[in-house]
Amino acid sequence: MTDFLKGLNPVQHQAVTTIAGPVLVIAGPGSGKTRVLTFRIAYLLSQGVKPSSILALTFTNKAAREMKERIGHVAGSNASRVWAGTFHSLFSRILRIEAEEIGYPADFTIYDTEDSKSLIGSIIKEWNMDKEAYPTNGIRNRISSAKSNLLTPKAYEMNAEQMANDAASRIPQFYKIYTEYVARCRKAGAMDFDDLLLQFFRLLQEKPEIAKKYRERFQYVMVDEFQDTNFLQYGILKKLTLYNGSPRNICAVGDDAQSIYAFRGATIDNILDFEKDFAGLQTFKLEQNYRSTKHIVEAANKVIGYNKRQIRKTIWTDQDEGQKIKIIKAINDTEEGRRVIDAIMELKTRDHLPNHEMAILYRTNAQSRIFEEHLRRHNIPYKIFGGQSFYQRKEVKDLIAYLRTVVNYRDEEALKRVINFPKRGIGNSTMSQMAELAAAESITLWDALVKAGPLTRSGKSIVKFIEMMNGFREKTETLNAYDLALWVAKESRLYDEYASDHTIEGISRKENIQALLDGIQEFTESDEEEYTGEVKDKSLASYLQNIALLTDADEGVDETDFVSLMSVHAAKGLEFLAIFLVGLEEQLFPSFMSMNSQDEIDEERRLFYVAITRAKAHLWLTFAQSRYRYGQMRYNEPSRFLEEIDTDNLEDTGGMVQELEAASTPKARVGGAPRPSVQVAASVRAIDPATFRPSPSNEIEAGMKVLHMKFGEGEVMMVDGARDNRVATIFFKEIDNPERRIMLKFAKLMIVE
Ligand code: ATP
Ligand code: MG
């Protein structure tokens with residue numbers, strides 16, 4: 001029965017079979033952490049553990065699917081009944097059952113990032129607040145981080161430190177927006193992505209009976225990529241697995257050196273806390289890398305050595321040396337694209353690599369376009385993960401908004417989207433009136449429409465709209481998701497609206513609507529829930545719940561053979577025979593936004609480490625000496641990370657290795673210290689924080705003298721880009737490497753004259 005355990009080394013074997021009590025595996029990339037979790041589940045099943053009592057939390061739904069497939073190979077059909085998925089998908093499933101316990105409707109809507117931003121935007125507009133000072137994106141991130149730190153609006157307002165912080169950042173009204181945002185989501189019966197965690201946490205916190213039920217249900221809890229869980233996720237884990245101080249069966253695996261979500265609140269502290277919180281913890285260290293060849297493992301070890309704050313690990317491989325890492329230095333980004341595709345062609349013809357064994361990774365999604373163009377020209381199938389995803393396209397969102405309104409009439413963001421599309425003569429002014437009424441009487445927008453809509457100028461149209469929607473709603477009782485969606489698409493005239501547009505764009509919109517309907521049909525055709533294997537709920541509400549959680553990295557991919565394109569963030573946990581890591585330039589990777597502190601550079605380096613350790617056998621690192629960014633041609637220096645790799649591991653392509661050798665002066669290398677460019681010379685005059693008052697970024701212009709807390713005094717030489725993308729070139733005379741390009745949106749600069 002347990003023959004499959006032979007595929008494990010002794011430490012892995014131990015980690016797999018130690019099923020009682022808390023277990024932690026901290027180990028480097030490719031050492032088999034995910035494999036340990038997979039085998040552990042198979043092992044539990046072979047010991048007679050019920051699949052539904054196993055909870056396995058993965059980073060993406062794709063990872064969960066792959067895990068189930070692998071478990072399926074060793075444990076058979078039982079695998080599909082294991083609760084494996086992301087924190088968001090699994091907990092939203094439970095919330096659907098328990099939502100009413102904490103005051104939400106059972107058919108609550110999930111607001112995606114766009115919905116949240118749109119809601120924040122309308123609050124700011126209604127309150128006539130300064131849009132520049134309160135950008136929707138920034139406010140959303142702030143709300144998200146408050147939620148992830150368990151700060152309710154009330155707690156936020158009472159928190160003197162937060163309030164002082166907001167005052168200093170010139171957003172003293174933030175807490176009011178936060179309060180209103182939370183109130184409106186509630187009124188709309190909606191949860192945003194953070195709520196799926198926060199409300200689940202509340203459920204466990206406030207309803208001991210329910211907490212007990214799930215503690216008893218999930219006898220074995222497992223977490224992959226533990227280094228990237230945030231405070232709230234960790235809080236949930238503790239609620240599920242610690243009771244009266246006695247830890248239950250939990251196994252967390254991760255790698256602190258691959259922690260890349262500090263900006264979302266993931267901290268190394270979770271790993272350290274885990275050791276403290278879970279008494280009797282058994283820790284396992286895996287040191288053998290099974291994924292990559294020697295050159296790649298050596299390069300990775302060398303680079304990560306530059307980060308000081310990490311749990312030291314040795315990683316070795318008994319694979320061959322393999323091929324050296326190749327560097328491509330291109331004149332510009334177009335040439336970078338061409339040469340990457342040339343290399344892909346070569347791998348295909350000479351080494352017979354299938355497309356799906358190759359991936360192009362970049363730091364920012366915007367870099368994908370050039371590679372797409374070249375891939376298309378060569379007829380190489382590819383798939384983009386992230387970026388403008390299918391579910392973000394207008395027509396797809398339109399139909400989904402209709403369906404959301406049908407399921408939950410309180411869903412205000414969806415209602416606003418469909419009320420006058422296709423056009424039915426219900427104008428903005430009528431809708432503003434309705435919104436005011438809803439606010440004044442504390443009723444939902446829908447109720448305001450029902451109550452006062454018929455009396456407005458657009459009365460007739462509103463009555464028709466309400467009748468139509470009520471008609472749809474009645475059908476939810478009898479029709480499954482697909483039949484209902486088809487009906488809605490036709491009756492609302494949405495389908496005709498797009499079908500009557502014969503431009504190329506119109507045709508593709510119609511195709512997208514069709515593709516969405518196909519997807520819904522597929523959903524209704526299978527009988528089992530994807531992650532839990534339970535009998536499927538084929539209702540529209542259940543479908544909507546499913547797609548709301550599809551992250552960009554998870555989109556349904558046709559099982560054809562394609563090259564993958566994705567950001568480094570999205571590549572975590574994956575592996576490919578060949579990796580092309582592109583855009584290795586200072587200011588791009590490491591990102592210009594990380595130039596202000598060592599911690600940020602370290603995070604970029606971890607990201608670089610994640611990227612290169614995805615490669616099994618072939619690794620290309622490429623950079624362009626010039627490229628257009630923010631509407632201007634820029635000349636770039638190669639990324640510092642290139643210089644951190646030992647030249648022994650690099651193949652000399654066109655004198656690059658000598659260049660890099662020359663660049664890495666011994667001085668810059670001492671004790672693993674970063675290059676001087678990130679160190680600020682000691683001579684910067686100390687600035688008293690008490691008198692430092694950052695000026696609004698939109699006031700900063702060329703010719704001004706400014707102060708920066710770390711870099712001291714500087715002169716603004718040039719400002720380019722517009723609005724949120726304004727970038728200043730500033731000469732700070734007191735530091736080494738005095739010329740800095742600074743994104744004004746994030747900079748704290750004080751105008752001196
Ligand atoms: P990451 O940190 O990148 O997520 P990981 O530690 O989760 O990496 P896995 O993805 O589990 O590593 O394993 C890397 C590769 O090595 C996989 O292809 C896996 O099947 C293989 N592998 C792991 N352990 C063994 C083993 N004992 N024998 C053979 N192959 C192994
Ligand atoms: Mg893994």
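The values are calculated or read from the model by the stated rules, or taken from the named source; none is laboratory data. This structure is a prediction, so every number in the text was calculated from the model and none was measured. Glycine gets a Cβ as well: all are built from the backbone with ideal geometry, and neighbour counts include every protein chain shown. Please note that ligands, DNA and RNA were not included when accessible areas were found on the heavy atoms of the full protein model with its side chains. Shrake-Rupley method; radii C 1.70, N 1.55, O 1.52, S 1.80 Å.
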Subject >> Kirkwood-based shape ratio for segment 697-751, expressed as Rg/Rh from alpha carbons >> reply: 0.92
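Evaluate 2.2 N^0.38 Å with N set to the residue count of the chain, then give the Cα radius of gyration divided by it. Can you show the working numbers first?
On the way: Rg = 27.3 Å, N = 753, 2.2 N^0.38 = 27.3 Å.
Compared with the compact-globule rule of thumb, the chain sits at 1.00.
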Original post:
Out of residues 5 or more away from ALA330 or on other chains, whose amide H comes under 5 Å of its own, with H placed 1.01 Å from N in the peptide plane?
Top reply: PHE623, ALA624, GLN625
Subject >> Highest to lowest packing among 614-622, 14-22, 569-577, 434-442, scored as the average C-beta count within 10 Å >> reply: 614-622, 569-577, 14-22, 434-442
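Hey, what's the per residue convex hull volume over the C-alpha atoms of segment 296-386, in cubic angstrom? List each step's numbers first, then the result.
Numbers: hull volume 14.1 nm³, N = 91.
Cα convex hull per residue, to the nearest whole number: 155 Å³.
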Original post:
What residues qualify as long-range amide H neighbours of PHE284, i.e. H under 5 Å apart, gap of 5 or more or another chain, H built at 1.01 Å from N?
Top reply: LEU24, VAL25, ILE26
Original post:
Nearest 20 debye, what's the magnitude of the dipole of segment 697-751 about its Cα centre given +1 on Lys and Arg Cβ and -1 on Asp and Glu Cβ?
Top reply: 200
Original post:
So for the chain, taking the charge dipole from beta-carbon charges (+1 Lys/Arg, -1 Asp/Glu), which of ILE687, MET358, GLY254 sits furthest toward the positive end?
Top reply: ILE687
**OP:** Step through the residues of segment 187-195 one at a time and calculate ³J(HN,Hα) from phi using the Karplus curve (6.51 cos²θ - 1.76 cosθ + 1.60, θ = phi - 60°), rounding each to whole Hz and writing x for Gly and Pro.
**Re:** 4, 7, x, 10, 10, 8, 4, 5, 4
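Where does segment 109-188 land on Rg/Rh, using Cα atoms and the Kirkwood Rh? Walk me through the intermediate numbers first.
Working: Rg = 11.9 Å, Rh = 12.7 Å.
When Rh is taken as the Kirkwood radius, the ratio is 0.94.
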Subject >> Normalised alpha carbon radius of gyration of segment 25-112 [divisor 2.2 N^0.38 Å] >> reply: 1.26
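Could you give the size of the charge dipole of segment 109-188 about its Cα centre, using +1 on the Cβ of each K and R and -1 on the Cβ of each D and E, expressed in debye and rounded to the nearest 20? Walk me through the numbers before you get to the answer.
On the way: 12 positive and 10 negative charges, 34 e Å.
Approximately 160 debye in magnitude.
Please report the antiparallel percentage of DSSP beta bridges with both residues in segment 697-751, rounded to the nearest 5. Please list the in-between numbers first.
Working: 18 of 18 bridges.
Beta bridges within segment 697-751, antiparallel portion: roughly 100 percent.
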Subject >> Net charge contributed by nearby residues that have their C-beta within less than 9 Å of LYS187 (K/R +1, D/E -1) >> reply: +2
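Per residue, how much accessible area does segment 305-462 show when a 1.4 Å probe rolls over the protein heavy atoms, in square angstrom? Intermediate results must be reported in sequence, preceding the final value.
Values: 7570 Å² over 158 residues.
With the other protein chains kept in place, segment 305-462 gives 48 Å² per residue.
Given the chain, what percent of its DSSP beta bridges are antiparallel, to the nearest 5? Mind showing how you got there, number by number?
On the way: 28 of 76 bridges.
Close to 35 percent.
Are there trypsin sites (Lys or Arg not before Pro) in segment 410-482 that DSSP puts in a loop and that have at most 12 other Cβ atoms within 10 Å, and which ones? Could the numbers behind the result be given before it?
Values: sites: ARG410, LYS416, ARG417, LYS423, ARG424, LYS451, ARG457, LYS460, LYS464, ARG473, LYS475; in loops: ARG410, LYS423, ARG424, ARG457.
When the trypsin sites (Lys or Arg not before Pro) of segment 410-482 are filtered for loop state and at most 12 Cβ neighbours within 10 Å, LYS423 remain.
If HIS295, HIS352, HIS378 are ordered by their accessible area, calculated over protein heavy atoms with a 1.4 Å probe, which sequence runs from highest to lowest?
Numbers: HIS295 15, HIS352 140, HIS378 75 Å².
Ranking HIS295, HIS352, HIS378 by accessible area, largest first, yields HIS352, HIS378, HIS295.
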Original post:
Once the other residues with Cβ under 9 Å from the Cβ of TYR409 are scored (Lys, Arg +1; Asp, Glu -1), what is the net sum?
Top reply: 0
Original post:
For segment 164-181, what does the Karplus curve 6.51 cos²θ - 1.76 cosθ + 1.60, with θ = phi - 60°, yield as ³J(HN,Hα) per residue in whole Hz, taken in order and with x for Gly and Pro?
Top reply: 5, 4, 5, 4, 5, 7, 6, 10, x, 8, 3, 4, 5, 4, 4, 4, 5, 4
Original post:
If you average the sequence gap of Cα pairs under 8 Å that are 6 or more apart and divide by the length of segment 697-751, what percent do you get for the contact order?
Top reply: 35
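Under 8 Å for C-alpha pairs, at least 6 residues apart: give me the relative contact order for segment 109-188, rounded to a whole percent. Kindly include the intermediate steps, with their values, before the conclusion.
Numbers: 41 pairs, mean separation 24.8, N = 80.
After rounding, I find 31 percent.
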Original post:
Based on the alpha carbon coordinates of segment 160-298, what radius of gyration and maximum Cα-Cα distance (Dmax) apply, in Å?
Top reply: 19.2, 57
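So how strong a dipole does segment 196-289 carry about its Cα centre when Lys and Arg Cβ are +1 and Asp and Glu Cβ are -1, to the nearest 20 debye? Working shown, then result.
Values: 12 positive and 13 negative charges, 126 e Å.
The calculated dipole for segment 196-289 is roughly 600 debye.
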